[in-house]
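Student: The structure under discussion is supplied below as structure tokens; questions concerning it will follow.
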Amino acid sequence: MRQHVLVLALDGVHAGILATCATPHLDGVAARGFARDIRIREGEPTISGPIWTSAMTGVPSATHGVRDNDLSRYTRREHPDVATILGDADPGLRTLVAAHWAPLVTGASGGPLFATGGYWPGDVGGVDAADERVTRHACDRLAAEDVAFAFVYFHLVDAVGHDVGTGEPYRAAIETTDARVGRVLDAVASRPSRGREEWTVIALTDHGHRPEGGHGGRSDDERAAWIRACGPGLREAAVRRDLTHEDVAAQALVTLGLPLPDQITGRALTACPTQRAAATRPTTQEDAT
């Protein structure tokens, strides 16, 4: 079976509020795998720039250098992102990165986090419309292309939290985003080669929000992150309890058959004793024909 990884990055979704919303697609991921709340550690900023960089490099903010939403201090050469590591290891592997928050995929604010860039939908129509374009782009590519690693980012919930806090509009934004998650998962399910593939799906958030909106501080509301994932071996009983954002990068690399680079401090999500040994490599499009 060929291995693939899909990371669904939902910005600013408070773990406690998520649990009260109607999110059948995220719930389905958890039912097929596991769900864990993550309390962001003391010393780690509750800000998107540091957390997404940690999740995609496998190291904490003090190591990769990003402490706020200015990525200009990111030590790219020493701590490359997952997509870059994969491309360096096997140029034949296809990756997909799609996001509205510009520093992830463009040169804005010292970006991009992903050295290869990615799809940016522009700002026309606001954040909701931009997330819709991201969703369509991801669905089109995932349904048709041999993508080994995908990172699909949803911005709406965080934007609503900043605008009006964590009341009903925030909850509605979570449910709207869950519907988009469902469409992305449906695109994966529709792939002609799906029966010969195993997909690891990792959905997570970077931080929570204060009730009045906003984050960046040390309160429990701001530290209320989470991860839900499913895939080979990711059973509830097998998954570690002490997960961190850095573990996402580690799990992606292990799943796709790469040994973890020495600089990565994140660990595979399961208590796997061989997490730094190479596993089965995904085949390329040419290998599969």
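Bear in mind that the values in this text are calculations on the coordinates, not laboratory data. In this text the structure is predicted, and so the values were computed from the model without any measurement. Counting neighbours? That spans all protein chains shown, and the Cβs are built from the backbone with ideal geometry, glycine included.
Student: Under 4 °C and 1.567 mPa s, how fast does segment 73-141 diffuse according to Stokes-Einstein, given a Kirkwood radius computed over C-alpha pairs? Answer in µm²/s, whole number.
Tutor: Approximately 101 µm²/s, per Stokes-Einstein.
Student: Given the DSSP H assignment, sum -39500 (n - 2.57) over each helix run of at least 4 residues in the chain and divide by its residue total; what's the result at 222 nm in deg cm²/dmol, nearest 500?
Tutor: -10000 deg cm²/dmol
Student: Continuing with the same structure: In whole Å, how far is the Cα centre of segment 18-61 from that of segment 220-235?
Tutor: That distance is 5 Å.
Student: Give the residues of segment 31-61 whose amide nitrogen is closer than 17 Å to a point set 7 Å from the Cα of Asp220 in the direction of its Cβ.
Tutor: Residues passing the 17 Å test: 37-42.
Student: Another question, if that's okay. Quantify how much of the Cα-Cα distance distribution of the chain extends past 29 Å, in percent.
Tutor: 25
Student: Label-point separation (nm) for Asp186 and Ser109, each offset 7 Å from Cα along Cα-to-Cβ?
Tutor: 3.2
Student: For segment 1-92, take N as its residue count and report Rg(C-alpha) divided by 2.2 N^0.38 Å.
Tutor: 1.28
Student: OK, next. Of all the stretches in the chain, which is the longest one without any exposed loop site, taking GluC sites (Glu not before Pro) in a DSSP loop (any state but H, G, I, E, B) with at most 11 other Cβ atoms within 10 Å?
Tutor: Longest stretch, sites excluded: 43-211.
Student: Restricting to Cα pairs below 8 Å that are 6+ residues apart, what does the relative contact order work out to for segment 1-153? Please round to a whole percent.
Tutor: It rounds to 25 percent for segment 1-153.
Student: Okay, moving on. So between Ala172 and Val124, what do we pick up on full extension, going 0.36 nm a residue minus the alpha carbon distance?
Tutor: Full extension from Ala172 to Val124 adds 15.1 nm.
Student: Which whole-number percentage describes the relative contact order of the chain, with Cα contacts under 8 Å and a sequence gap of 6 or more?
Tutor: Value for the chain: 32 percent.
Student: Could you tell me what % of all Cα pairs in segment 104-236 have separations over 18 Å?
Tutor: 63
Student: OK, next. Roughly what would the spin-label model give for Asp68 and Glu145, points 7 Å off Cα along C-beta, in nm?
Tutor: If labels sit at Asp68 and Glu145, their model points lie 3.5 nm apart.
Student: Continuing with the same structure: Work the Kirkwood hydrodynamic radius out for segment 32-146: mean of 1/r over every pair of different alpha-carbon atoms, inverted, in Å.
Tutor: In segment 32-146 this quantity evaluates to 15.3 Å.
Student: Also, quick follow-up: What is the Cα centroid distance between segment 87-120 and segment 133-200, reported in whole angstrom?
Tutor: The two parts, judged by their Cα centres, are 17 Å apart.
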